Amino acid sequence: MPTIYVTRRIPDLGLTMLREKGFALEVSEKDGVLTKDELLSALRSKPYDGVLCLLTDTINSETFDAAPTAKIFANYAVGFNNIDVAEAKRRGVTITNTPGALTNTVAEHAMALILATTLRIAEGDRLMRSGVWGGWGPMQLLGSDLMGKTLGILGAGRIGSRLAYHCQKGFDMNVIYYDVRRNEAFEKETSARFCPTVEEVLKNADIVSIHVPLLDSTKHFINADRLNMMKPTAYLINTSRGPVVDEIALVEALKKGVIAGAGLDVYENEPKTAPGLLECENAVLTPHIASATEKTRGEMAKLAAENLIAFFDGKTPPNVVP
Ligand code: NAD
């Protein structure tokens, strides 16, 4: 009977599947992210066979040392930048993630951020709640339409291509994209035009939406120089990972009108935000909730459980991180 440490309570669907299969689960009772010391001492407390961890847990050589019997770390996320995958490989530890389950939900959230920034929804909401709204005005909170505009996707994988589909089919937008790999099926589906450089996307898009994974090569993928290449009327949307954008440079750009606005779900040093960001009226900010629907969080729990079940059945889990 495999014994699994779960670093934080996740939806019951996945936990029930594991219990029904006879797994013994130890679920952290803390309603919050475990500190490094809390995580290490929890892992040292028993000879666990596996760990179900979250994107907020740093999993590296120290963690593997604390759980030497754990041969699988099942991440409850599609991104796995919180895990030292190379170190896991060296030690023969399997890492899995939860791709696909959250694709449409995150794309819908990116769409919501696009609409909220261009139509100034959050600013309007703040005005209503301030109690000082004086009634309809012909020049009040003028936004920007989407029809006929150009969406620039950076990273046309699962989520980026799904967002492009919504924008092209639902809002009649043109799509351009940059990716390290050209995606011809995506081009066919959305009439997207491939740009051979990031710069070409930045110079031509009205909305730039980021969907690359966080890697050493994508840290500060969007920096001051690249923000300066964008149109002053353009918006930046980020639902990928915070460190992909130089947040201090972004605040400067938002304050100086280098770009028109930004819609962000992720931040460079969560839960902190860069100085000045919260005062930017032209930024719409959500607290890393792009995958947070009942259905999707349940699906993610199910996928994490399926990965663990397959592993302990002696099979290759469906979502091994290569
Ligand atoms: P994916 O692997 O399907 O797509 C990523 C795409 O980025 C791929 O097409 C890949 O070729 C491309 N890419 C990689 N490096 C690149 C580079 N240097 N330049 C350009 N393109 C590059 O992943 P996905 O399922 O679409 O998820 C994308 C990211 O979204 C995840 O890695 C994760 O960090 C993030 N995410 C965030 C949330 C959230 O809650 N905000 C939820 C889910 C996923």
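The values are calculated or read from the model by the stated rules, or taken from the named source; none is laboratory data. If you're wondering where the values come from, they're calculated on a predicted model, not measured in any experiment. Note: ideal-geometry Cβ built from the backbone for every residue, glycine included; neighbour counts use all protein chains shown.
Here are a few things to note about the model shown:
- Residue check for His211: at positive phi, modelled with pLDDT of 95 or more and out of contact with any Phe, Trp or Tyr (no Cβ under 7 Å at 6 or more places or on another chain): no
- Scanning region 93-144 for residues that are within 16 Å of the ligand (Cβ to nearest atom), in a helix (DSSP H, G or I) and touching a helix residue (DSSP H, G or I) at 6+ places or on another chain (Cβ under 8 Å) yields Thr103, Asn104, Thr105, Val106, Ala107, Glu108, Ala110, Met111, Ile114, Ala116.
- Applying the set (1) among the hydroxyl-bearing types (Ser, Thr, Tyr); (2) in contact with a Pro (Cβ under 7 Å, 6 or more places away or on another chain); (3) under 28 Å from Ala290 (Cα atoms) to Thr69 leaves exactly one unmet item: (3).
- Cβ pairs under 7 Å, 6+ apart, first in region 198-219 and touching a residue at least 24 places away in the same chain (Cβ under 8 Å), second of a type in the set (Lys, Arg) and within 7 Å of the ligand (Cβ to nearest atom): Leu214/Arg241
- Taken as a whole, the condition of being outside any loop (DSSP other than H, G, I, E, B), small (Gly, Ala, Ser), surrounded by fewer than 16 Cβ atoms within 10 Å (Cβ to Cβ) and without any contact (Cβ under 8 Å) to a residue 40 or more places away in the chain does not apply to Ala42.
- Annotation note: of Val258, Val180, the sole residue that is modelled with pLDDT of 95 or more and either buried (at least 17 other Cβ atoms within 10 Å of the Cβ) or more than 16 Å from the ligand (Cβ to nearest atom) (or both) is Val258.
- Residues that are surrounded by 16 or more Cβ atoms within 10 Å (Cβ to Cβ) and outside any loop (DSSP other than H, G, I, E, B) within region 303-322 comprise Leu303, Ala304, Ala305, Glu306, Asn307, Leu308, Ile309, Ala310, Phe311, Phe312, listed in sequence order.
- Any hit, region 69-91, residues being more than 30 Å from Gly160 (Cβ to Cβ), at pLDDT 95 or above, of a type outside the set (Val, Ile, Thr) and in contact with a strand residue (DSSP E or B) (Cβ under 8 Å, 6 or more places away or on another chain): yes
- Figure legend. Inter-residue proximity from region 98-123: first residues on the phi > 0 side of the Ramachandran plot, second residues in a loop (DSSP other than H, G, I, E, B) and within 13 Å of the ligand (Cβ to nearest atom), beta-carbon distance below 8 Å, spacing 6+ or different chains. Indicated pairs: Gly100/Val78.
- Residue within region 294-304 that is modelled with pLDDT of 95 or more, under 14 Å from the mean Cα position of the chain (by Cα) and not charged (D, E, K, R) present: yes
- Per-region count, region 221-266, residues under 24 Å from Arg158 (Cβ atoms), touching a strand residue (DSSP E or B) at 6+ places or on another chain (Cβ under 8 Å) and not aliphatic (A, V, I, L, M): 8
- Count - residues of region 290-302 that are in a loop (DSSP other than H, G, I, E, B) and touching a helix residue (DSSP H, G or I) at 6+ places or on another chain (Cβ under 7 Å): 3
- The sole residue among Glu123, Glu108 that is under 13 Å from the mean Cα position of the chain (by Cα) and among the charged types (D, E, K, R) is Glu108.
- In region 296-322, the residues that are more than 11 Å from the ligand (Cβ to nearest atom), in contact (Cβ under 8 Å) with a residue 40 or more places away in the chain and charged (D, E, K, R): Glu299, Lys302, Glu306
- Members of region 145-154 found to be within 15 Å of the ligand (Cβ to nearest atom) and not aliphatic (A, V, I, L, M), listed by number: Gly152
- Unique residue being touching a His at 6+ places or on another chain (Cβ under 9 Å) and at pLDDT 95 or above when the list is Met147, Met139, Met111: Met111
- Residue list for region 272-286, filter: without any contact (Cβ under 8 Å) to a residue 40 or more places away in the chain and either among the basic types (Lys, Arg) or near the ligand (Cβ under 10 Å from one of its atoms) (or both): Lys272
- Figure legend. Inter-residue proximity from region 11-36: first residues in contact (Cβ under 8 Å) with a residue 12 or more places away in the chain, second residues of a type in the set (Lys, Arg), beta-carbon distance below 7 Å, spacing 6+ or different chains. Indicated pairs: Pro11/Arg297; Leu13/Lys302; Gly14/Lys302; Met17/Lys302; Leu25/Arg19; Glu26/Lys46; Val27/Arg9; Ser28/Arg8.
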